[in-house]
Amino acid sequence: MLYIVATPIGNLDEITLRALDVLKSVDLIAAEDTRHTAVLLNKYGIPTKTVAYHKFNERAALGGLIERLKAGENIALVSDAGMPTISDPGHIIIDAAIENGIEFTVISGACAAIDALVLSGLDTRAFTVLGFLPEKNIDRERFVEPYKKLPSTLVFYSAVHDIKKDLEFLHKAFGARRVAVCREMTKMYETVVRGRLGDELDITEKGEFAVVVEGAPIESEFNALSVEEHLKKYLDEGMPQKDAIKKVAADRHVAKSEIYAVSIAMKATDGE
């Protein structure tokens, strides 16, 4: 059996009991960085042998791991942090496991993209994890082009030396959309800075980042209307305020609380 095991993205206490049991019981742990994984294993007194399995040796190491699995051994795959395969190695060995009829399963746990999505406060109903941007600008532009009109929330990863450049590029590519920059998630200095792309965001350039960007507005006949005009349309048709707020929120694919706040402001203005 091949186990795809999620490990903490920061705080080492954020690992499941099942993950610890699997790491203790398998014959081998294939780790993105054996030194990094050793910190986790030492904390929990896990003596299981590790072997390096990272993006630079994935194919070279693959054959030996598959042979061991075919021979009946159990192997756990871990990345440095979070869920393997999400902007980390793992997809190649999963493909090989499927081709060779080897069973595999996922041991649930931390994932930086999910944590950042929830922390962002942006729409969680649909999202797309895009990971790290390519290095070259021309590759970046080609990479994001298919997602410019996508209405789902977008999640990117960024390294400390790239965060400013990445935010500048995302502003150029997507305009002044709402954004949340999440840093050092689950750690002591976890911070979330919310604003809009293009704003002067107060970001501490330390640690690892996840950048969550608002999705594109869904094309609709209502896009040309302001929220106030949209609400007034339904109210003028005789719809009760509560129902009008719910309908506008559904039309615009936003939270009802946003529309409710606008309705309160409209009432205050009408009362002046």
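Would you confirm whether any residue within the stretch 148-158 is open to solvent by 20 Å² or more (accessible area, probe 1.4 Å), in a strand (DSSP E or B) and modelled with pLDDT of 95 or more? Looking for residues that are open to solvent by 20 Å² or more (accessible area, probe 1.4 Å), in a strand (DSSP E or B) and modelled with pLDDT of 95 or more, one finds at least one in the stretch 148-158, hence yes. Taken together, the residues in the stretch 88-101 that are buried (at least 17 other Cβ atoms within 10 Å of the Cβ) and in contact with a helix residue (DSSP H, G or I) (Cβ under 9 Å, 6 or more places away or on another chain) amount to 5. Figure legend. Inter-residue proximity from the stretch 3-30: first residues within 18 Å of Thr186 (Cα to Cα) and open to solvent by 10 Å² or more (accessible area, probe 1.4 Å), second residues part of a helix (DSSP H, G or I) and of a type in the set (Asp, Glu), beta-carbon distance below 7 Å, spacing 6+ or different chains. Indicated pairs: Ile9/Asp115. Residues that are open to solvent by 60 Å² or more (accessible area, probe 1.4 Å) and either touching a Leu at 6+ places or on another chain (Cβ under 6 Å) or farther than 28 Å from Asp251 by Cβ (or both) within the stretch 115-134 comprise Thr124, Phe127, Phe132, listed in sequence order. Within the stretch 223-245, does at least one residue satisfy the condition of being under 30 Å from Glu141 (Cα atoms) and without any contact (Cβ under 8 Å) to a residue 12 or more places away in the chain? Yes, the stretch 223-245 has at least one match.
Screening Asn137 against (1) surrounded by 13 or more Cβ atoms within 10 Å (Cβ to Cβ); (2) of a type in the set (S, T, N, Q); (3) more than 24 Å from Thr85 (Cβ to Cβ) leaves a single unmet condition, (1).
Among the conditions (1) buried (at least 16 other Cβ atoms within 10 Å of the Cβ); (2) touching a helix residue (DSSP H, G or I) at 6+ places or on another chain (Cβ under 8 Å); (3) more than 26 Å from Gly131 (Cβ to Cβ); (4) not charged (D, E, K, R), Leu77 misses just one, which is (3). Each residue in the stretch 31-54 was checked for being surrounded by 12 or more Cβ atoms within 10 Å (Cβ to Cβ) and over 29 Å from Met188 (Cβ atoms), and 3 of them qualify.
Scanning the stretch 62-93 for residues that are under 16 Å from Leu28 (Cα atoms), within 28 Å of the chain's Cα centre (by Cα) and among the hydrophobic types (A, V, I, L, M, F, W, C) yields Leu62, Ile75, Ala76, Leu77, Val78, Ile93.
Screening Ile218 on (1) touching a strand residue (DSSP E or B) at 6+ places or on another chain (Cβ under 8 Å); (2) farther than 22 Å from Ser87 by Cα; (3) modelled with pLDDT under 95 shows it passes everything except condition (1).
The values are calculated or read from the model by the stated rules, or taken from the named source; none is laboratory data. Just so you know, these numbers come straight off a predicted model, no measurement behind them. Every residue, glycine as well, gets a Cβ built from its backbone with ideal geometry; the counts of neighbours run over all protein chains shown. Surface accessibility is based on the protein's heavy atoms, side chains included, excluding ligands, DNA and RNA. Shrake-Rupley method; radii C 1.70, N 1.55, O 1.52, S 1.80 Å.
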